[in-house]
Amino acid sequence: MELLLDISLLSMLVATAIGIAVSRDLLAAVMLSSIYGLLSANFFVTMDAVDVAFTEASVGAGISPLLMFATLAIVGRFERYPHQRALPALLLVVLTGAMLILATLDIPAFGDPNAPAQTHVAPRFINESGTEIGIPNMVTSVLASYRGFDTFGEVTVVFAAVVGVLALLGSSLPAAGRKLPDTLLQASNHRILRIVSKILVAPIMLFALYVQFHGDYGPGGGFQAGVIFAAAIIIYTMLFGLEAAMKVINVTVLRVLAAFGVLLYGSVGLVAMLNGKNFLDYDALAADPVHGQHYGIIVIELGVGITVAAVMMLIYFAFAGRLIDRSHKS
Amino acid sequence: MSVLFSHYNYWVVIVLMMIGFYIVIAQGNLVKKLIGLNIFQTSVFILYISAGKVSGGTAPILADGITLYSNPLPHVLILTAIVVGIATTALGLSLIIRIRDTYGSVEEQDVRAAEGNRKQESC
């Protein structure tokens, strides 16, 4: 049964990817890429990667297509030219693929418990994290504690990316009094959309907080919670306009928060250093090492959540601001 | 037959990767190229997650009465990679918007042509 599910989900992924490659209507390609994200999230659930599925469902099926739609609204919907160098490209791709497939024959069979990937560090994480870190979700243990350094790097990259986006798209934030043009407001006057989204915004935020603070015990954590929280605000912005959202959320505060999350994460590491242990070694945070791990993980997950939520909102606001600027010019 | 079942995931990864690769090299529209890169990226995610699966295992969250878990390490790597991926995609998309501002088009050919004209003028 599991195998059947695996094979059918993967085959659907391939079919969707081919659809994306063939379509010259970019709107359709982005819609398909949203489906692609949802399918891969389902696939990750069958692979026991529930935390990953969570992230992929909110990012791959939600935010990523949304940003692409915003871009398409600015740059146009159709590809102008047919595929260039289609035949040589196809040949190159088939050749590379064939060589790679030949190479996969050396990879241990799928699901093999004795594969090298399962026999080195994984047993340590699986057997010891319960007593060393003291929380049930191993993914959170590894993410926040064993590989805390790596996660710090990732959060910094997310922050750096938003700095880049804001530098490129400028301060295209709409000045007070600038209204959304009528073409963009048509959908937001839709009564069903307005009522349903109004009902949904609060539960989505509550769910984000649950995902944030329950990440130690179940699937979830700062990355997922940040994206989900931002999604609530983005839904509100889409239907009620940037102006209304700006009344609730100050962009300057968001910029400070994006940096604050990274700082919070780093300062936990510094506190550990001041207590005489290594950077990000949470054992130093309390008399009992397991308690120290708990404190450390809660604080750094909070830092991740704040940064990711602020970054996602800032990126969306930057794109939406561009869209409004453009429709005013034309 | 057994090789088909035991390596099916890896082959699908390669097929997806190659579809993404094809889009990047053969299609001139920059938004489409980014979608292709996303497909390529997701195929790597699938490779990692497939490598972490242990048959008969369960999700890596400690629970009573369960002894066999899938490998949590690839999950961690991919989870963070997804969020970094969306941040870099956003950066790419904003670059595309700026290219559109400067050249009036997001097609590789048009941008090349405009760039060629500009060089001739400066000569």
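The values are calculated or read from the model by the stated rules, or taken from the named source; none is laboratory data. What you see is a predicted model, and the numbers here were worked out from it, not measured in a lab. No Cβ is skipped: glycine too gets one built from the backbone with ideal geometry, and neighbour counts run over all protein chains shown. We work out accessible area using only protein heavy atoms, side chains counted, and drop any ligands, DNA or RNA first. Shrake-Rupley method; radii C 1.70, N 1.55, O 1.52, S 1.80 Å.
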What number, in percent, do you get for the relative contact order of chain A if the mean sequence gap of Cα pairs under 8 Å and at least 6 apart is divided by its residue count? 19
Within straight cross-link reach of B:K32, meaning Cα distance under 16 Å, which aspartates and glutamates are found once same-chain residues fewer than 8 apart are removed? A:D25, A:E79, B:E107, B:E108, B:D110
Among A:T119, A:T156, A:T96, the residue with the largest mean-square fluctuation in a Gaussian network model of chain A built from Cα contacts under 10 Å is A:T96
Relative contact order of chain B, please, whole-number percent, based on alpha carbon pairs below 8 angstrom and at least 6 residues apart. 22
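Considering only lysines 8 or more places apart in sequence, or on different chains, count the pairs in the stretch A:134-330 whose C-alpha atoms sit under 22 Å apart.
Numbers: A:K179/A:K198; A:K179/A:K247; A:K179/A:K329; A:K198/A:K247.
Close lysine pairs under the 22 Å cut-off: 4.
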So what is the calculated 222 nm ellipticity per residue for the protein assembly as shown, using -39500 (n - 2.57) for each DSSP H run with n of 4 or more, over all residues, to the nearest 500 deg cm²/dmol? -25500 deg cm²/dmol
Could you work out the mean count of beta carbons from other protein chains within 10 Å of each residue's beta carbon in A:319-325? 1
With each label point set 7 Å from Cα along the Cα-Cβ vector, what nm distance links A:L95 and A:T131? 5.6
What does the charge dipole of the protein assembly as shown about its Cα centre add up to, to the nearest 20 debye, if the Cβ of each Lys and Arg holds +1 and the Cβ of each Asp and Glu holds -1? 1880
Share of accessible surface on carbon and sulfur in the protein assembly as shown, whole %, 1.4 Å probe and ligands ignored, is 68
Just checking the output field for B:40-53: average partner chain Cβ neighbours within 10 Å of each residue's Cβ? 6
Excluding same-chain residues fewer than 8 positions from B:K53, which aspartates and glutamates have a Cα within less than 16 Å of its Cα? A:E2, A:D6, A:D48, A:D51, A:D112
Projecting each Cα onto the charge dipole of the protein assembly as shown (Lys/Arg +1, Asp/Glu -1 at the beta carbon, about the Cα centre), which of A:Y295, A:L3, A:G60 comes out farthest on the positive side? A:G60
Lys/Arg Cβ at +1, Asp/Glu Cβ at -1, dipole of the protein assembly as shown taken about the Cα centre: which of B:I97, B:G56, B:A113 is farthest positive-ward? B:A113
In bins 5 Å wide, starting from 0, what share of all Cα pairs of the stretch B:2-122 does each bin hold, as a percent? 2, 10, 14, 15, 15, 12, 10, 7, 6, 4, 3, 2, 1, 0, 0, 0
Assign unit charges at the C-beta atoms only (+1 for Lys and Arg, -1 for Asp and Glu), then state the dipole size of the stretch A:30-146 relative to its Cα centre in Debye, rounded to the nearest 20. 600
On average, how much area does the Cα convex hull of the protein assembly as shown cover when viewed from any direction, in nm²? 25.2
